[in-house]
Amino acid sequence: MSDSYDLKICCMGAGYVGGPTMAVIAAKCPKIRVCVVDLNQKQIDAWNSSELPIYEPGLPDVVDKCRGKNLFFSTDIDAEIKQADIIFISVNTPTKTMGIGAGRAANVKNCELCARKIAEVSDSDKIVVEKSTVPVRTAQAVRRVLECNDKGLKFQVLSNPEFLAEGTAVPDLMAPDRVLIGGVQSEDGIKAAQTLVSVYANWVPRDQILTTNLWSSELSKLVANAFLAQRVSSINSISALCEATGANVSEITRAVGMDDRIGKRFLNSSIGFGGSCFQKDILNLVYLCETYGLKECADYWNNVIIMNDYQKKRFSEKMVSSMFNTVTGKKIAILGYAFKKDTGDVRETPSMFVVRDLVLEQAKIHVYDPQVKREDMWVEMDYTCDMSEKTHPGLGTAVTTAPDAYSACDGSHALAVLTEWDEFKTLDYERIYKSMAKPAFVFDGRNILDHDALRKIGFEVHAIGKPDPNKFSDL
């Protein structure tokens with residue numbers, strides 16, 4: 001260790017997890033040197049600029065406070081690995097697209113490549129920490145790769161899954177519900193775990209830092225996301241029943257959520273969950289269950305995904321059926337493309353699937369999102385939906401990105417709120433109504449608007465899990 005630092009940390013991977021996590025560690029631990037490394041020069045350049053590569057409220061202030069002092073971003077991976085005491089692996093583990101387990105299993109290739117690089121360039125013992133969300137027992141593979149080094153070096157492998165949520169990553173990291181650290185239950189493994197505990201103990205109460213064995217830690221992250229996604233799919237299944245019977249899903253959520261055994265969180269019905277974690281982690285869990293012969297368990301968790309897909313498709317179909325069974329040639333405004341508010345992340349965003357369905361119906365789509373870049377929309381659309389200008393000629397002209405909500409809505413036949421951005425609650429809907437074709441439709445996929453007020457203006461409003469006054473006369 002350097003005389004000027006108590007500890008040196010290297011994080012491999014400058015993405016949504018590695019960047020914010022390391023920035024907060026640096027902010028809370030001024031005597032620890034933290035460097036985030038990545039192969040992508042453009043990504044590192046962005047972290048070293050005033051325009052960070054990800055949007056996260058509060059993150060620029062944290063980075064500005066520490067960058068150049070004890071927080072650094074670099075592409076010199078070898079040098080940073082050599083001088084580090086602790087190395088975090090925080091790289092992408094996407095769902096496999098081909099081969100064994102395609103469509104379900106996580107591809108841990110990047111984790112293995114990191115382990116091989118660490119073994120190749122290290123010249124001293126290291127603590128290696130899995131930060132990426134990985135299948136249970138991935139640490140065993142990482143450990144075996146590291147043990148094959150020909151320099152007699154010793155590596156201790158820990159699991160330290162992240163539980164932050166995009167959009168609230170900074171407060172989640174500043175005041176986490178818990179920090180989970182898993183390690184081998186040997187003398188050296190326990191000592192390594194305590195070293196990492198000492199890092200977090202700079203700002204996290206000791207009783208909120210949990211230590212377990214490796215396998216419990218790895219599996220806990222998958223289970224946590226599976227449980228949260230399960231709640232979303234559960235209330236979304238009820239939203240469909242509400243629309244069919246005249247019940248109101250918001251009233252049901254309030255009644256159910258007041259039960260302390262159930263709680264109020266993650267009971268808001270919507271067009272479905274998205275993001276990089278929920279679907280990937282559930283599919284990973286499904287594959288693990290299948291691998292160990294637990295078919296009924298696999299089927300149970302797979303139904304969470306089936307319900308989520310159903311909810312997105314149901315929303316698209318409702319838009320078409322409500323607009324006289326055709327949207328061909330009609331301008332439709334899409335308000336929100338990110339998978340949730342306060343982020344620019346479009347991975348697995350429900351909005352993308354609704355846009356895809358409407359494009360296939362030959363609608364003219366105008367998208368407005370305050371943080372999403374058009375380039376990111378197309379990259380994710382191509383990767384996840386196999387839709388691009390090459391596969392669907394004319395796609396680029398079928399989808400317009402608008403500079404603001406009013407431009408997107410001007411002359412449209414319908415607007416659909418697909419991300420719960422706060423600014424959508426305070427738009428001048430009387431102005432929007434006057435600018436739209438009539439009848440003017442509103443489809444609220446997040447239940448954030450005042451539906452009664454919109455109906456008084458003249459809109460025909462359809463919302464998730466809310467009874468349609470045109471259908472029920474006894475509300």
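The values are calculated or read from the model by the stated rules, or taken from the named source; none is laboratory data. Please read all numbers here as calculations on a predicted model, not as lab measurements. Heads up, the Cβs are rebuilt from the backbone with ideal geometry, glycines too, and the neighbour counts pull from every protein chain shown. Ligands, DNA and RNA are excluded from the accessible area calculation, which covers all protein heavy atoms including side chains. Shrake-Rupley method; radii C 1.70, N 1.55, O 1.52, S 1.80 Å.
The order of Ser198, Ser159 by accessible area, most exposed first and with a 1.4 Å probe, is Ser198, Ser159. Pairs Lys318/Lys364; Lys312/Lys364; Lys264/Lys425; Lys331/Lys456; Lys42/Lys364: which exceed 26 Å Cα-Cα? With Cα atoms farther than 26 Å apart: Lys42/Lys364. Apolar share of the accessible surface for region 400-475: 44 percent from carbon plus sulfur atoms, 1.4 Å probe. Among the cysteines of the chain, those with no neighbouring cysteine Cβ under 4.7 Å are Cys10, Cys11, Cys29, Cys35, Cys66, Cys111, Cys114, Cys148, Cys242, Cys277, Cys385, Cys409. For the peptides 349-359, 32-42, the ranking by mean Cβ contacts within 10 Å, running from highest to lowest, is 349-359, 32-42.
Ranking of Lys295, Lys117, Lys131 by solvent-accessible surface, largest first: Lys295, Lys117, Lys131 (1.4 Å probe, protein heavy atoms only, all chains present). Summing Cβ point charges (Lys, Arg +1; Asp, Glu -1) relative to the Cα centre of the chain gives a dipole of roughly 340 debye. Measuring from centroid to centroid over Cα atoms, what is the spacing of region 421-445 and region 2-60 in Å? Spelled out, the Cα-based centre of one part sits 40 Å from the other. Using every pair of distinct Cα positions in region 292-344, the Kirkwood expression returns a hydrodynamic radius of 14.3 angstrom. Taken about its Cα centre, region 216-364 carries a charge dipole of about 500 debye when Lys and Arg each add +1 at the Cβ and Asp and Glu each add -1 at the Cβ.
Per-residue ellipticity at 222 nm, computed for the chain from helices alone with -39500 (n - 2.57) per DSSP H run of at least four residues, works out to -13000 deg cm²/dmol. With Cα atoms as the point set, the radius of gyration and Dmax of region 271-372 evaluate to 16.2, 50 Å.
Would you please classify the overall shape of region 23-91 from the alpha carbon gyration tensor, given that a ≥ b ≥ c denote the square roots of the eigenvalues, rounded means a/c under 1.5, and beyond that prolate means a/b larger than b/c while oblate covers the rest? Taking the square roots of the gyration eigenvalues as a ≥ b ≥ c, region 23-91 is oblate. Hydrodynamic radius of region 348-475 by the Kirkwood approach over all distinct alpha-carbon pairs: 15.7 Å.
Among the protein heavy atoms of region 281-349, carbon and sulfur supply 59% of the accessible surface, probe 1.4 Å, non-protein parts ignored. Extension gain for Asp207 to Lys456 (0.36 nm times residue separation, less C-alpha to C-alpha distance): 84.3 nm.
When Rg and the Kirkwood Rh are both derived from Cα coordinates, the Rg/Rh ratio for region 237-312 amounts to 1.05. The smallest convex shape that holds all Cα atoms of the chain, its convex hull, gives 159 Å³ per residue. Can you tell me what share of the DSSP beta bridges in the chain is antiparallel? A percent to the nearest 5 is fine. Here the share of antiparallel DSSP bridges comes out near 5 percent. If R0 is 45 Å, the Cβ-Cβ spacing of Ala165 and Ile100 corresponds to a FRET efficiency of close to 0.90.
Solvent-accessible surface of the chain, taken per residue with a 1.4 Å probe and all protein chains present: 45 Å². For Ser234 and Asn470, a Förster radius of 25 Å and the Cβ-Cβ distance give a FRET efficiency of 0.35, rounded to the nearest 0.05.
Taken as Cα centroids, region 292-334 and region 98-158 sit 37 Å apart, rounded to the nearest whole angstrom.
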